[in-house]
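What follows is one structure encoded as structure tokens, with my remarks underneath.
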Amino acid sequence: MIEIKKQSFSEMFSIYFDKRMLKILLLGAISGFPWVLIGSSLSLWLKEDGLSRSTIGWAGLIFGVYAFNYLWAPLVDRLQVPFLTKKIGHRRGWIVLMQLIILFSLIMWSIINPTENLALVITVGLIIAIASATQDITVDALRIEQIGENEGKSMAAGAAMAVVGWWSGYKLGGVLSLFSAEILQSKGFENYWQLTFLILGVLVILMNIGLMFIKESENFERYNKQKENDKLISNKFKNENVFTQFISWIGGTISGPITSFFKKNGVTIGISILGFIFLFKIGEAFLGRMSILFYKEIGFSKSDIAFYSKGLGWITTVAFTLVGGWFAIRSGVIKALFISGAIMALTNLMFTVLAWSGASELLFAAAVLLDDLAAAFATVAFVTFISLLVDRNYTATQYALLASIGTAGRTIMASSSGSLVDWLNGDWGIFFIITALMVIPSLILLWFIRKKIILKEN
């Protein structure tokens, strides 16, 4: 691994004033906002309509879509969206299409009663998840392509801004969601959640207006490389026709990104990298999936949750993420992953203290602050790590593959979080201790491969 020349705090912070960072901030917000819809908003909507913790936990399986978006990432990387691609570009065309699907899904939620049509509610949530997971493929590609391939320091800063944007979309979207629901409920609207989803739809429209200010340049090198791979496959056929051309295109689309990754890292190290990515943030996901139910059960109101978890959480996350970007550059990504992983495990224990102490606003604020510190540091290091691993010829596909593996750990396995709490007879303290221990296997794996990972960090 190449050593990074250390910078002063002020020198590093100047990177954030690059105009490209503002564009990356918006892209992050577009990516993070849908998690509000299928996460905290959906969870509270179902809980307040009388559904159980287990049901809500298993409903979170819709997040599993994010773990499989790599399956169609090659198609998103290459297929054009009719009309939109020619008008606004390949990447932006896909984002706008998915945003329209999310908007129509919110309109659908606004007319559904979950107690009468739970299956339909979950189906619409699944559609939102699919659209969100699909847009993430091209959002991440567009974000990475804003930075030069050898601008390692800018990539770390860009990762920090992407995380700030993601949490801004998630946290501020959550603030709008929770406060809107509480105000509408206090005004006597029985369908306050349905009306809230219409309000959130307006935010979707505003973000797409902002998207039009992000320029997208054509990457002819990427197109040429993809065609070269198609040609190499087609040359293996004796006779070239429409069928063999199609097979070559499919083969190049799917195999090219995978073979490129393992050619760069080797099979053993490549598999080990994938294992680390899968395991790293499982504990955080278990905590995150159940946190809003935990806050509600120990006595906090929606406005309390909005203020401490979303509002205060957003401020601290922004601050810690920017510092986390500086830390990742100064210490190196691998070291940052070790330290942030350890902090992430320790801060989960604060929720154990809160669970055993009761609804203390001071402890609530402290737990949120420390959790956001850990999450910000860990996420910046994690996103930077993945961003530095990808081949620019397959930006969307490789990033989607790596990110989806991490998502598999965070979503599919965390879907059992509600059942785990029920199995523990509602002992939230023990639950959070278990989540703290979940990060250890990933750090052990990273330790064994730390010196063999190839990253362009300078």
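Residue by residue, here is whether (1) within 20 Å of Gly341 (Cα to Cα); (2) modelled with pLDDT of 80 or more; (3) in contact with a Pro (Cβ under 9 Å, 6 or more places away or on another chain); (4) among the charged types (D, E, K, R) holds:
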residue	(1), (2), (3), (4)
Thr268	no, yes, no, no
Leu279	yes, yes, yes, no
Leu287	yes, yes, no, no
Glu297	no, yes, no, yes
Lys302	no, no, no, yes
Trp314	no, no, no, no
Thr317	yes, no, no, no
Gly324	yes, no, no, no
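Could you please let me know if Leu420 is touching a Phe, Trp or Tyr at 6+ places or on another chain (Cβ under 8 Å), in a helix (DSSP H, G or I) and closer than 26 Å to Thr321 by Cβ? Break it down into steps so the answer makes sense when it comes.
On the way: touching a Phe, Trp or Tyr at 6+ places or on another chain (Cβ under 8 Å): yes; in a helix (DSSP H, G or I): yes; closer than 26 Å to Thr321 by Cβ: no.
Judged against the criteria, Leu420 is not a match.
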(request) Being modelled with pLDDT under 85 and either of a type in the set (Asp, Glu) or buried (at least 21 other Cβ atoms within 10 Å of the Cβ) (or both) is the filter here, so list the residues in the range 348-373 that pass it. (result) Glu361, Phe364, Ala367, Val368, Asp371, Asp372, Leu373
(message) Just to be sure before I move on: is Ala156 among the hydrophobic types (A, V, I, L, M, F, W, C), surrounded by 21 or more Cβ atoms within 10 Å (Cβ to Cβ), assigned to a helix (DSSP H, G or I) and at pLDDT below 85 in the structure I sent?
(response) yes
(message) Of everything in the range 62-77, what is assigned to a helix (DSSP H, G or I) and surrounded by fewer than 17 Cβ atoms within 10 Å (Cβ to Cβ)? Give them in sequence order.
(response) Leu71, Leu75
(message) Quick check on the range 159-173: of everything there that is over 28 Å from Leu198 (Cβ atoms) and at pLDDT 85 or above, which residue is surrounded by the fewest Cβ atoms within 10 Å (Cβ to Cβ)?
(response) Met161
(message) Quick check on the range 300-347: of everything there that is among the hydroxyl-bearing types (Ser, Thr, Tyr), within 25 Å of Gly426 (Cα to Cα) and surrounded by fewer than 21 Cβ atoms within 10 Å (Cβ to Cβ), which residue is farthest from the chain's Cα centre (by Cα)?
(response) Ser301
(request) Among the residues of the range 78-111, count how many are surrounded by fewer than 18 Cβ atoms within 10 Å (Cβ to Cβ) and outside any helix (DSSP H, G or I). (result) 6
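Would you say Thr397 is of a type outside the set (Gly, Ala, Ser) and more than 20 Å from Gly39 (Cα to Cα)? Give the steps one after another, and end with the answer.
Working: of a type outside the set (Gly, Ala, Ser): yes; more than 20 Å from Gly39 (Cα to Cα): yes.
When the stated conditions are applied, Thr397 passes them.
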(request) Could you check the range 256-360 for helices (runs of 4 or more DSSP H) lying wholly inside it with 3 or more residues that are of a type in the set (S, T, N, Q)? (result) 313-331, 333-357
(request) Considering only the range 112-125, state which residues are surrounded by 15 or more Cβ atoms within 10 Å (Cβ to Cβ) and assigned to a loop (DSSP other than H, G, I, E, B). (result) Ile112, Pro114
(message) For the range 119-141, which positions are touching a Pro at 6+ places or on another chain (Cβ under 6 Å) and within 14 Å of Tyr70 (Cβ to Cβ)?
(response) none
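The values are calculated or read from the model by the stated rules, or taken from the named source; none is laboratory data. On a predicted model such as this, the values are computed, not experimentally measured, just so you know. Glycine gets a Cβ as well: all are built from the backbone with ideal geometry, and neighbour counts include every protein chain shown.
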